[in-house]
Amino acid sequence: ATTLGASAAEKGRYFGAAIAAGRLGDSTYTRLLTTEFTSVTPENEMKWDATEPQQGRFSFTNGDRILNQGLSNGSKVRGHALLWHAQQPGWAQSLSGSALRNAAINHVTQVAGHYKGKIYAWDVVNEAFADGGSGGRRDSNLQRTGNDWIEAAFRAARAADPAAKLCYNDYNTDGINAKSTGIYTMVRDFKARGVPIDCVGFQSHLGTGIDSSYQANLQRFADLGVDVQITELDVQQGGNQANIYATVTRACLAVARCTGITVWGIRDSDSWRDDNPLLFDGGGNKKAAYTSVLNALNAG
Ligand code: G3I
């Protein structure tokens, strides 16, 4: 096929983009979005600070704009993210102990409940593991409420929206390493104990190289009985950008339970990074990386 979304669909997958409510009035942006992509993820609009700016007072206006943009285009919507150590509202940052735990679980219940039946997959917990060689949890206010905070969040999300796939999502998990192995061990334990988890998101914010075990890492998670998704793909511009994009695309296609790929923005000018990491340039023109992904989706 001739678009990312249609080509991915021929392989039984979606091809998505993170989008921002504030850009939906930009006609080039929405043209690329509706032409090329079959899934959307809110870049910021469903995070804790955006959806519960004051405790117990929920604000879904911008999240709903993303949802409706996606649904009206026939796209999947990935919810991002119910609980995260970053982008918490000030009131949550100042809580601890059982007050924070209760507030966090209520947040999961209310937000997942608001979007019940509409979300393809939720990033229930984002970035809870530490970087480096420990393979352990990241220290955070949420972690200090007790190691079981992640499973409590997944159970609350399942109760609030039984139809949504529930994902754990993280970065620096682009191969078999201490951090990805820590997450792997948690997922294996959750599956063994019946904690509801359906998918693992691999953000894939990449530089000038890619770990040779990228695909094998996806596969080992899939072998635990969860779906895997590439959730925030972007790649530093340089000699290897197009090749790295193709490598990631081929890895997803090679893993039966890799259900889709999301790039973290549409044009380079929309990116949170300043190294031109996306598939379209600032003018909305297709880059070599775009053609590389399209060809990889259409191969074979
Ligand atoms: O909306 C406010 C605006 O009102 C204010 O005037 C302005 C001044 O700083 O800030 C605006 O908020 C910014 C927001 O993006 C919306 O543009 C925040 O400062 C800024 O920190 C925030 O950055 C986001 C970042 O997450 C926050 O950690 C990026 O857009 C977003 O791309 C990025 O996404 C994360 C994923 O959620 C998780 N994985 C990593 C990824 C990249 O960091």
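The values are calculated or read from the model by the stated rules, or taken from the named source; none is laboratory data. Quantities reported herein were computed from a predicted structural model and do not represent experimental measurements. Neighbour counts run over all protein chains shown; Cβ positions are idealised from the backbone, glycine included. Areas reflect the complete protein model, heavy atoms only, side chains present, ligands, DNA and RNA absent. Shrake-Rupley method; radii C 1.70, N 1.55, O 1.52, S 1.80 Å.
Look at residue 170 and say whether it is closer than 29 Å to residue 103 by Cα, without any contact (Cβ under 8 Å) to a residue 60 or more places away in the chain and either crowded, with 22+ Cβ neighbours inside 10 Å or aliphatic (A, V, I, L, M) (or both). Taking the combined requirement at face value, the residue satisfies it.
Could you list, in sequence order, all residues of segment 136-152 that are buried (at least 17 other Cβ atoms within 10 Å of the Cβ), among the small types (Gly, Ala, Ser) and away from the ligand (no atom under 16 Å from the Cβ)? Scanning segment 136-152 gives a single hit, 152.
Counting only residues that are aromatic (Phe, Trp, Tyr) and over 19 Å from residue 7 (Cα atoms), segment 265-300 holds 1 of them.
Tally up the residues in segment 272-300 that are at pLDDT 95 or above and open to solvent by 20 Å² or more (accessible area, probe 1.4 Å), please.
Of the residues in segment 272-300, the ones at pLDDT 95 or above are 272-299.
Now restrict to residues that are open to solvent by 20 Å² or more (accessible area, probe 1.4 Å): 272-276, 281-283, 285-288, 291-292, 294-295, 298-299.
Selection size over segment 272-300: 18.
In segment 262-300, what residues are away from the ligand (no atom under 16 Å from the Cβ), touching a helix residue (DSSP H, G or I) at 6+ places or on another chain (Cβ under 9 Å) and more than 17 Å from residue 8 (Cβ to Cβ)? Listed by number, the residues that qualify are 281, 282, 283, 284, 287, 288.
Let me confirm something: among 236, 241, which residue is farther than 23 Å from residue 183 by Cβ, in contact with a Gly (Cβ under 7 Å, 6 or more places away or on another chain) and either open to solvent by less than 20 Å² (accessible area, probe 1.4 Å) or within 16 Å of the ligand (Cβ to nearest atom) (or both)?
The match here is 236.
Candidates are the residues of segment 20-40 that are open to solvent by less than 60 Å² (accessible area, probe 1.4 Å) and touching a Phe, Trp or Tyr at 6+ places or on another chain (Cβ under 8 Å); the one that is farthest from residue 261 (Cα to Cα) is 32. Tell me whether segment 5-14 contains one or more residues that are within 14 Å of the chain's Cα centre (by Cα) and of a type outside the set (Val, Ile, Thr). Taking every residue of segment 5-14 in turn, at least one turns out to be within 14 Å of the chain's Cα centre (by Cα) and of a type outside the set (Val, Ile, Thr). When 189, 223 are checked against the criterion of being under 14 Å from residue 254 (Cα atoms), modelled with pLDDT of 95 or more and open to solvent by 50 Å² or more (accessible area, probe 1.4 Å), a single residue qualifies: 223.
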